[in-house]
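Have a look at the structure below before the remarks.
The values are calculated or read from the model by the stated rules, or taken from the named source; none is laboratory data. As the structure is a computational prediction, the values presented were derived from the model and not from experiment. Cβ atoms come from the backbone with ideal geometry, glycine included; neighbour counts cover every protein chain shown. The protein model used for the area step is the full one, side chains on, heavy atoms only, and it has no ligands, DNA or RNA in it. Shrake-Rupley method; radii C 1.70, N 1.55, O 1.52, S 1.80 Å.
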Amino acid sequence: QVHLVESGGGLVQPGGSLRLSCVASGRISTIYTMAWYRQAPGKERELVARITPGGATDYEDSVKGRFTITRNNAKNTVYLQMNSLKPEDTAVYYCRATQVGHDIWGQGTQVTVSL
C-alpha cells in the first residue's frame with residue numbers, strides 16, 4: 001500500500017512562489033497517475049494539476065502558466081511548483097495517487113497567500 005506525505009506549504013506574499021512535494025512510501029513509477037487537489041474554506045475540493053505515468057499533464061484553468069507539476073519516479077516524488085501566487089490560491093493542497101483499484105490521498109499541506 002502506498003502512503004503519501006505532502007510538504008512545502010506555508011505563508012507567502014502575493015506574487016511569491018512555493019514548491020510542494022509529495023513523497024510516496026512505495027513505488028509510484030510507471031503505475032500511478034499523480035495529482036494535486038486543493039480545498040479552500042467553504043468550497044469543494046478541486047483538481048489543480050495532474051500528471052500521468054507517461055508524463056502528460058493537465059491543469060485547472062486558473063493555474064495554467066503559473067503552476068507546474070512534475071514527477072521524479074526514481075525518488076517516488078511529485079512536485080507542484082507554484083509561481084505568481086494569488087490570495088485565491090489559499091487552500092489546503094492534497095496529493096492523490098490513482099490507478100485501477102487504488103485511490104490514495106495524502107493528509108494535505110496548508111498554503112496561505114497573504115500580505
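Under the condition of being touching a Lys or Arg at 6+ places or on another chain (Cβ under 7 Å) and open to solvent by 50 Å² or more (accessible area, probe 1.4 Å), the residues counted in region 78-115 number 4.
The set of residues in region 23-38 that are closer than 15 Å to Ala97 by Cβ and either among the hydrophobic types (A, V, I, L, M, F, W, C) or buried (at least 17 other Cβ atoms within 10 Å of the Cβ) (or both) comprises Val23, Ala24, Ile28, Ile31, Tyr32, Met34, Ala35, Trp36, Tyr37. Can you say whether Tyr32 is under 9 Å from the mean Cα position of the chain (by Cα) and under 16 Å from His3 (Cα atoms), as far as the supplied structure shows? Criteria not met by Tyr32.
Considering only region 39-46, I want to know if a residue exists there that is surrounded by fewer than 21 Cβ atoms within 10 Å (Cβ to Cβ), under 24 Å from Gln1 (Cα atoms) and touching an Asp or Glu at 6+ places or on another chain (Cβ under 6 Å). Looking for residues that are surrounded by fewer than 21 Cβ atoms within 10 Å (Cβ to Cβ), under 24 Å from Gln1 (Cα atoms) and touching an Asp or Glu at 6+ places or on another chain (Cβ under 6 Å), one finds none in region 39-46, hence no.
Residues that are at pLDDT below 95, touching a Phe, Trp or Tyr at 6+ places or on another chain (Cβ under 9 Å) and of a type outside the set (S, T, N, Q) were ranked within region 97-113; the one that is farthest from Tyr37 (Cα to Cα) is His102.
Pairs meeting the criteria (first residue in region 40-55 and farther than 19 Å from Arg66 by Cα, second residue in a loop (DSSP other than H, G, I, E, B), beta carbons under 7 Å, at least 6 apart or on different chains) are Pro53/Thr30; Pro53/Ile31; Pro53/Tyr32. Among residues of region 56-77 that are exposed (fewer than 15 other Cβ atoms within 10 Å of the Cβ), those with a Cβ under 6 angstrom from a residue that is basic (Lys, Arg), sequence gap 6+ or separate chain, pair up as Asp58/Arg50.
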